[in-house]
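I have a structure here, written as structure tokens, and I will follow up with some questions on it.
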Amino acid sequence: MSSLAKNTYDNKQIVFINDGSTDSTAMLLDSYRKYPFVKVIHKKNEGVSVARNTGMENADGKYIMFVDPDDYVEHNFILRASKEMEETGCDMIMFGFNTDWTGKLEPVIPLEHYSLSSNKQIIEKLFPRIYGLSLERFHNWLSGGGKLMPDKETGQVWRWIYRKSFLQKNNIAFEKIKVGEDMVFNAECLLAADSLKSIDDCLYNYFPRKDGLMYSNINGLNSLRNKFDMLEQRIRLGQIFESKTGEKALPLFGGSCIMSCFELAYLLSRTDDYKAFKSYVNNSTVQECISLSKIGFKNMKALIPYFLLKIRANLLLFCLFWSINKLNIKMSY
């Protein structure tokens, strides 16, 4: 909060949303009312999506930026991003960030320099990098082709600045889901934007909350609901993509559905909930993803569960992950 208040930009507005906190957060936020550019809103707890939508509804400026409570921003966070918006007239701009995923703060910059001046270019170039794991990339990984997602851009909203009039014109807001709301928001923006640019400046410092929202309530049934929510959103976004391009969207996210099958088998086998696992695996869209996927033989760690999924030996797949859980084997791909 202090890093925002100290940002070197005179014409800024900071909207703090207190989403029903029960600790001293409300008092702390109210102490920032001494700044004329600060607006504090206290509301009942309704989740991240509603909190962000509330912030956007109460923002008065030309541009929208987001900051999560555990992170901090560079002194020129607002100035650098807004200056680029003024000079380019873009609908949205991506920038770099620093993160401590590896234990020390390291920079993460856009995969390439984006300077896209049409909706067609944006959808072709950037939409697939945020929308999901493609069947092609999943196949390459099964065939020993390196990392699972080497060409993906992180979809968090705090690494973007948005033109407010663009968001309003296209009625873009956060969906009321518990996981993946950032990706869905940005994917919807990319499907509507006519101009986009990236800069390499690392303006944001991201510290993953390993005991916070990202890691809370990680159990089978919660994950199942989240997977269905995300599947519904990907189908909705895919329909927009298909109407604009005439191409099928499923190959762009089919790998995500297959990986979700593995994750759910691992989580739901802890509680012997095979019925819940079947409800996802037998979903018609998930089945289409599995059917269209191609087998690869070099990644032996994933080959057996994938092969069982491919031949629809779902009970055997579930039992495999049940055994992995009983043996306390940690799964990572």
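Given the structure, is residue 120 assigned to a helix (DSSP H, G or I), exposed (fewer than 14 other Cβ atoms within 10 Å of the Cβ) and at pLDDT 95 or above?
In short, yes.
Go through the stretch 303-324 and give me each residue that's touching a helix residue (DSSP H, G or I) at 6+ places or on another chain (Cβ under 9 Å), outside any helix (DSSP H, G or I) and aliphatic (A, V, I, L, M).
313
Additional query: Conditions: (1) free of Cβ contacts under 8 Å to residues at least 24 places away in the same chain; (2) part of a helix (DSSP H, G or I); (3) under 23 Å from residue 119 (Cα atoms). Residue 275 meets all but one. Number of the miss?
For residue 275, the exception is condition (3).
Out of the residues in the stretch 278-302 that are of a type in the set (Lys, Arg) and in a helix (DSSP H, G or I), state the one that is nearest to residue 225 (Cα to Cα). Quick ask: steps written out before the conclusion?
Just the residues of the stretch 278-302 that are of a type in the set (Lys, Arg), to begin with: 278, 294, 298, 301.
If we keep only those that are in a helix (DSSP H, G or I) as well, we get 278, 301.
Values: 278: 13, 301: 27 Å.
Across the stretch 278-302, the extreme among qualifying residues is 278.
Here is a follow-up. Out of curiosity, is residue 109 at pLDDT 95 or above, closer than 25 Å to residue 181 by Cα and within 17 Å of the chain's Cα centre (by Cα)? I'd like the intermediate steps shown before the answer.
Details: at pLDDT 95 or above: yes; closer than 25 Å to residue 181 by Cα: yes; within 17 Å of the chain's Cα centre (by Cα): yes.
Yes, satisfied.
Which residues, taken from the stretch 181-206, are surrounded by fewer than 19 Cβ atoms within 10 Å (Cβ to Cβ) and in a loop (DSSP other than H, G, I, E, B)?
194
Looking only at residues in the stretch 240-249 that are part of a helix (DSSP H, G or I) and surrounded by fewer than 19 Cβ atoms within 10 Å (Cβ to Cβ), which one is nearest to the chain's Cα centre (by Cα)?
The initial filter retains those residues of the stretch 240-249 that are part of a helix (DSSP H, G or I), namely 240-245.
The next check asks that each one be surrounded by fewer than 19 Cβ atoms within 10 Å (Cβ to Cβ); those that pass are 240, 242-245.
Details: 240: 18, 242: 21, 243: 23, 244: 22, 245: 23 Å.
Only one residue fits best here, namely 240.
How many of the residues in the stretch 285-298 are closer than 14 Å to residue 261 by Cβ and surrounded by fewer than 12 Cβ atoms within 10 Å (Cβ to Cβ)?
Number satisfying all stated conditions: 1.
Out of the residues in the stretch 139-165 that are hydrophobic (A, V, I, L, M, F, W, C) and modelled with pLDDT under 95, which is farthest from residue 198 (Cα to Cα)? Explain how you work it out, then say what you get.
Within the stretch 139-165, the first condition is being hydrophobic (A, V, I, L, M, F, W, C), and the residues that meet it are 141-142, 148-149, 157-158, 160-161.
Filter once more, keeping what is modelled with pLDDT under 95: 141-142, 148-149.
Values: 141: 28, 142: 32, 148: 24, 149: 20 Å.
Checked the stretch 139-165; the qualifying residue farthest from residue 198 (Cα to Cα) is 142.
Got a number for residues in the stretch 37-68 being surrounded by 15 or more Cβ atoms within 10 Å (Cβ to Cβ) and without any contact (Cβ under 8 Å) to a residue 40 or more places away in the chain?
7
The values are calculated or read from the model by the stated rules, or taken from the named source; none is laboratory data. Everything numeric here is computed off the predicted structure, so don't read it as measured data. All Cβ positions, even for glycine, are placed from backbone atoms using ideal geometry, and neighbour counts span all protein chains on display.
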